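Colleague: What follows is a single structure, and I will ask about it in a moment.
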Amino acid sequence: MAFTQVSASSSGARKRDRQENCTPPDIWTVFRALRDARSAFGLKPGHIQTLQALLSFLRPGQGDTVFASNLEICRRIGGVDERTLRRHIDRFVDLGMIARHDSPNRKRYRVSSRNGQVISFGLSLSPLLRRAGEFLNAAAELEEARRDQVFLRKQILVGLAHIDSIEPGSAFAESTRRTIRRKLAVAEYRCLLDQITGHLGQMSTVVDVMITTKLPANDGQIVRHLSKSEKDRKESEGAENDLLPSVQMLTAVCQEATAFAPAALRTWDDIERHAQNLAPMMGIQPGTFHEASRRVGSKRTAAAVFILLQLGTRIRNYAAYFHSVTLGKKVATFRPATILERLSTSTSVHV
């Protein structure tokens, strides 16, 4: 049985009294953080309900000790039995979140002397408040992990869709889908994504892909003109923007990409930001995307992402094709404006 010791001086008693009578204003923020991070501390929803009931007995300026009886606490929780309440309190005591200060008769109350000395017998929540930073950090880390899990899961689903387009009924895809039915850790999701990337790499054949369609006879001359030497391409770099489509044309033709946009795409800045968000979902690494933007320009890079997504299952490997048309040997022949014109006038595009 533990007792709260009486201070030897009235000044010390008043100091502790001020500390005890100063309930932090963000006590419910601390509670919500612990509620969200309860799994990290081995707590269950029942424990959180008990803690919520205990906190509800605190009043501003009345300290951080709960004086209510077990019966009153059980009623506030919702009618749980007293044995359950004791188990929950014992759990909080074991975790160092609650401290018991029992009176000789096990009653909970506070007594004070005329010179300000105070003794409180009850359930002290001061250990919980002292560890506020720990709970807030734990909740923030769990939220970051949750966001990573959602992001990686979306990437995995995109990869599985690519596998299905190449090999319908793939045993690998079905096995992966069964695995992601349960909640996985971030490391497990990353491992699965690496496996999918490797599997797609094995399934991909030649990356030398070019968009073709039935064109007038003089289109052959256009292709030969666009396939000039690197020297000629650099000399005509000043006219590069003339080969880019307008924002209106890009968004009108590439409806698959615009469908994922959270807001209307009206400027090239909007297009570039949206393409940067879409690229990881398509398996395009951020480093590859930024290198492509540096070499061929951010507008052409963004247009490439939009066009690839519009082609959908006709592209076997988004990442490989993106590398080919922005950093590989198809840089000179990939012209977004020309391709979009073909897409807008042709009902079938073969890859």
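The values are calculated or read from the model by the stated rules, or taken from the named source; none is laboratory data. On a predicted model such as this, the values are computed, not experimentally measured, just so you know. For neighbour counting, all protein chains shown are included, and Cβ atoms are generated from backbone atoms with ideal geometry for every residue, glycine included. With ligands, DNA and RNA removed, areas are computed over all heavy atoms of the protein, side chains included. Shrake-Rupley method; radii C 1.70, N 1.55, O 1.52, S 1.80 Å.
Colleague: Given a Förster radius of 45 Å and the C-beta distance between GLU256 and PHE41 as r, what FRET efficiency does 1/(1 + (r/R0)^6) yield to the nearest 0.05? Don't jump to the answer; show the numbers that get you there.
Modeller: Numbers: r = 44 Å, r/R0 = 0.99.
It comes out at approximately 0.50.
Colleague: In whole Hz and in residue order, list the ³J(HN,Hα) couplings for the stretch 130-135 that follow from phi through the Karplus curve 6.51 cos²θ - 1.76 cosθ + 1.60, θ = phi - 60°; x for Gly and Pro.
Modeller: In residue order, the calculated couplings are 5, 9, 4, x, 4, 5 Hz.
Colleague: Now for a different question. Suppose R0 equals 35 Å; then what is the FRET efficiency for GLN202 and HIS290 from their Cβ-Cβ distance, rounded to the nearest 0.05?
Modeller: Numbers: r = 27 Å, r/R0 = 0.77.
So the FRET efficiency works out to roughly 0.85.
Colleague: Turning to a different aspect of this structure: With the full set of protein chains in place, find how many percent of the accessible area of the stretch 22-140 is carbon and sulfur; take the probe as 1.4 Å. Could you put the intermediate results ahead of the total?
Modeller: Values: 3060 of 6270 Å².
Answer for the stretch 22-140: carbon and sulfur cover 49 percent of the accessible area.
Colleague: For the stretch 15-128, what value does the Rg/Rh ratio take when both radii are computed over Cα atoms and Rh is the Kirkwood radius, given to two decimals? Kindly include the intermediate steps, with their values, before the conclusion.
Modeller: Numbers: Rg = 14.2 Å, Rh = 14.7 Å.
Ratio of gyration radius to Kirkwood radius: 0.96.
Colleague: Under 13 Å from the Cβ of HIS47, count the other residues' Cβ atoms, weight Lys and Arg +1, Asp and Glu -1, and hand me the total. Present the calculation step by step, with values, prior to reporting the outcome.
Modeller: Details: positive: ARG35, ARG38, LYS44, ARG86, ARG87, ARG91; negative: ASP90, ASP94.
Taking every Cβ under 13 Å from that of HIS47, the sum is +4.
Colleague: While we're here: Got a number for the accessible area of LYS330? Probe 1.4 Å, square angstrom, nearest 10.
Modeller: 40 Å²
Colleague: Suppose each label sits 7 Å from its Cα in the direction of the beta carbon; what would the ASP269-LYS183 distance come out to in nanometres?
Modeller: Roughly 4.0 nm, to one decimal.
Colleague: How much accessible area does ARG300 have with a 1.4 Å probe, in Å² rounded to the nearest 10?
Modeller: Solvent-accessible area, nearest 10 Å²: 10 Å².
Colleague: For ASN277 and SER69, what is the calculated FRET efficiency with R₀ set at 56 Å and r taken between the beta-carbons, to the nearest 0.05? Let's see the in-between values first.
Modeller: Working: r = 56 Å, r/R0 = 0.99.
E between ASN277 and SER69, to the nearest 0.05, is 0.50.
Colleague: In Å and on Cα atoms, what radius of gyration and Dmax does the stretch 91-163 show?
Modeller: 23.5, 80
Colleague: Next question. Counting Lys and Arg as +1 and Asp and Glu as -1, what is the net charge of the other residues whose Cβ lies under 14 Å from the Cβ of ILE77? Present the calculation step by step, with values, prior to reporting the outcome.
Modeller: Numbers: positive: LYS44, ARG75, ARG76, ARG83, ARG86, ARG87; negative: GLU72, ASP81, GLU82.
Charge balance in the 14 Å sphere: +3.
Colleague: Can you tell me the convex hull volume per residue for the stretch 252-351, based on C-alpha atoms, in Å³ to the nearest whole number? Before the final figure, lay out the partial values.
Modeller: Details: hull volume 9.6 nm³, N = 100.
Cα convex hull per residue, to the nearest whole number: 96 Å³.
Colleague: Could I ask something else about it? Please list SER69, SER126 from largest to smallest accessible area, probe radius 1.4 Å, with all protein chains kept in place.
Modeller: Working: SER69 55, SER126 25 Å².
Heavy-atom accessible area, descending, gives SER69, SER126.
Colleague: Okay, moving on. So what's the net charge close to THR267: Lys and Arg +1, Asp and Glu -1, counting the other residues with Cβ under 13 Å from its Cβ?
Modeller: Local charge sum for THR267: 0.
Colleague: Which entries in LYS299/LYS330; LYS154/LYS330; LYS299/LYS329; LYS183/LYS299 show an alpha-carbon gap greater than 27 Å?
Modeller: On the way: LYS299/LYS330 17 Å; LYS154/LYS330 29 Å; LYS299/LYS329 19 Å; LYS183/LYS299 38 Å.
Too far apart for the 27 Å limit: LYS154/LYS330; LYS183/LYS299.
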